[in-house]
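*Asks:* Before I ask anything, here is the structure I am working with.
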Amino acid sequence: MKTQKILIITTIMCLIGLASACLNEDGNLTYRIKVDAKDHLQENQTLVGTKWKLTAFVDVENDTRREPDYAPDVANAVGIAIDSMYLLSFDCDSLLSGKSFSNWLMGKYSIVGNDGITMGVGGTKINEFGDGELYRSILNEVQQYTITEANELKLFYNSRKNYLLFRRQ
């Protein structure tokens, strides 16, 4: 019973901290607007409050792309839905969350200039399958981002030689 009370109190404190981290000094949610190459504001270009699903690992130099490994046999055996894999959410102005193949991700991000971004991602690492570990490690290497007119998110790494391609959820 004591352990349950401690868990409930800790959860409430974390939720209060998360909610307050999304607010600016005036108590309003903060948003960042992305400007595209045409130097005009695009609708839905903010990362804050967006959710994304990884669709491909892209190699720009070799002009190749591949879908993430969903390891369907493993997913079916352990009851993990493919729709719940390889997700990324920008929860508020500096916090992110998501899911690899089978583990929860959490961390922080920071926008630098017009298209720079740094990310620090961690989370559980138990029984990771498919491209789960690769996905997590690449998120920590991301240097730049863009949101395309097709409403896709590209997270560039390796000096823009590679990127993760996401579709908006």
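The values are calculated or read from the model by the stated rules, or taken from the named source; none is laboratory data. This is a predicted model, so every value here is computed, not measured. Glycine also receives a Cβ, built like all others from the backbone with ideal geometry; neighbour counts cover every protein chain displayed.
*Asks:* Does Thr64 satisfy the condition of being hydroxyl-bearing (Ser, Thr, Tyr), touching a strand residue (DSSP E or B) at 6+ places or on another chain (Cβ under 8 Å), at pLDDT 95 or above and surrounded by 15 or more Cβ atoms within 10 Å (Cβ to Cβ)? Quick ask: steps written out before the conclusion?
*Replies:* Numbers: hydroxyl-bearing (Ser, Thr, Tyr): yes; touching a strand residue (DSSP E or B) at 6+ places or on another chain (Cβ under 8 Å): yes; at pLDDT 95 or above: yes; surrounded by 15 or more Cβ atoms within 10 Å (Cβ to Cβ): no.
No.
*Asks:* Please state which one of Ser137, Ser102, Ser94 is closer than 26 Å to Ala71 by Cα, at pLDDT below 95 and of a type in the set (Gly, Ala, Ser).
*Replies:* Within the list Ser137, Ser102, Ser94, the selection yields Ser102.
*Asks:* Just to check your reading of the model, which residue among Ile111, Ile80 is at pLDDT below 95, of a type outside the set (Phe, Trp, Tyr) and not in a strand (DSSP E or B)? So that I can check it myself, show each step before the final result.
*Replies:* Values: Ile111 fails: not in a strand (DSSP E or B).
None of the others qualify; the one that does is Ile80.
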